[in-house]
Amino acid sequence: MKHEACFICGAEIIYKSESELMKCDICGQEFESNAACANSHFVCDVCHQAEGVEFIENACLNSKEKDPFKLASLIMNHQSIKLHGPEHHFLVPAVMLTTYYNFIGDSDKIKPSLAKAKKRSANVLGGFCGFYGTCGAGMGNGIFLSIVLNSNPLSGDEYSTVNMITGKTLIKVAEAGGPRCCKRNTFIAMETAVEFLKQKFDLELPLSDIKCKFSFAIKECKFTDCNYYE
Ligand SMILES: [Zn+2]
Ligand SMILES: [Zn+2]
């Protein structure tokens, strides 16, 4: 029998002899299963096996979370999310859209907004940060707000606002310095988005103190030179 850890809380997975109907803590669907963690978390096989972008969408669709870091942490624990990779370009707008709409009590907008964000972020390829001078996680904030504000290339105020949030994010990414780290840049993007929403729209999303759990695994980690190093 395999001894895996629950990716929601890290507790041991316990296999019961009898299966029972359980509700998946990610997608909310019910399945017969005999495996749950010591804290009763159950994650269905579909969610376990999902690829990065698909998993991000599943996790956001069923989430009631308002704190971007808490939702991003849950997602980053999944095996499909690599330490670095272009799935972070969808992760940022997905997490921001979900927590924003949960926060303002408009969760019906999450599903159609995630579908738009998925299409738009698919154009933001891996390596954009170093090859185009535009970090994809930073662009994720532009995707997030452009969907919320329904902006397009002919918009007026919204045009300015969506470019402003990306610009502010990219400046912070630049100031943090290389080498690239998709965890760090995702954290920077979420912090910048929360601050921007507060200044521009007087909306204050909750945001936990961000501490990175991935330093040990990231070979280019800047350790104490990174704001999120613990
Ligand atoms: Zn658990
Ligand atoms: Zn599931």
For Ile14, what residues show an amide H to amide H distance below 5 Å, using hydrogens built from the backbone and excluding near sequence neighbours?
Ala36, Cys37, Ala38
Dipole in debye (nearest 20) - segment 64-225, about Cα centre, beta carbon charges: Lys, Arg +1; Asp, Glu -1:
540 debye
Long-range Cα-Cα pairs in segment 70-146 (distance over 19 Å), rounded percent
35 percent
In sequence order, what are the phi-derived ³J(HN,Hα) couplings for segment 44-54 according to the Karplus relation 6.51 cos²θ - 1.76 cosθ + 1.60 with θ = phi - 60°, rounded to whole Hz, with x for glycine and proline?
5, 5, 4, 5, 4, 9, 4, 7, x, 5, 5
How much of the pair distance distribution for segment 107-221 lies past 18 Å, counting alpha-carbon pairs only, in percent?
55 percent
The chain: angle of helix 136-148 to the longest principal axis, Cα-based, in degrees nearest 10:
90 degrees
I need two numbers for segment 1-123: Rg to one decimal and Dmax as a whole number, Cα atoms only, in Å.
14.9, 47
If we count other beta carbons within 10 Å of each Cβ, what is the order of Phe214, Phe223, fewest first?
Phe223, Phe214
What is the percent of Cα-Cα separations in segment 1-49 that go past 15 Å?
38 percent
Placing +1 on each Lys and Arg Cβ and -1 on each Asp and Glu Cβ in the chain, then taking the dipole about the Cα centre, the residue among Val124, Phe69, Gln199 whose Cα reaches farthest towards the positive end is Val124
Here the gain from full extension of Asn163 to Glu175, 0.36 nm per residue of separation minus their alpha-carbon distance, amounts to 2.5 nm
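Any chance you could list the semi-axes, whole Å, largest first, of the equivalent ellipsoid that the Cα gyration tensor gives for the chain, using √(5λ)?
Listed largest to smallest, the semi-axes of the chain are 31, 21, 15 Å.
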Give the separation of the Cα centroids, segment 152-230 to segment 37-52, in Å.
28 Å
What list of ³J(HN,Hα) couplings, whole Hz, do you get for segment 164-180 from phi and the Karplus terms 6.51, -1.76, 1.60, once you set θ to phi - 60° and write x for glycine and proline?
5, 5, 5, x, 4, 5, 5, 4, 5, 4, 5, 5, 5, x, x, x, 4
Ranked by GNM mean-square fluctuation in the chain (Cα springs under 10 Å), the top entry among Asn34, Asn185, Asn62 is Asn34
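Here, each number is a calculation from the coordinates, and none is a lab measurement. Every value quoted in this text rests on a predicted model; they were computed, and no experiment measured them. Here Cβ is always computed from backbone atoms with ideal geometry, including for glycine, and neighbour counts include all displayed protein chains.
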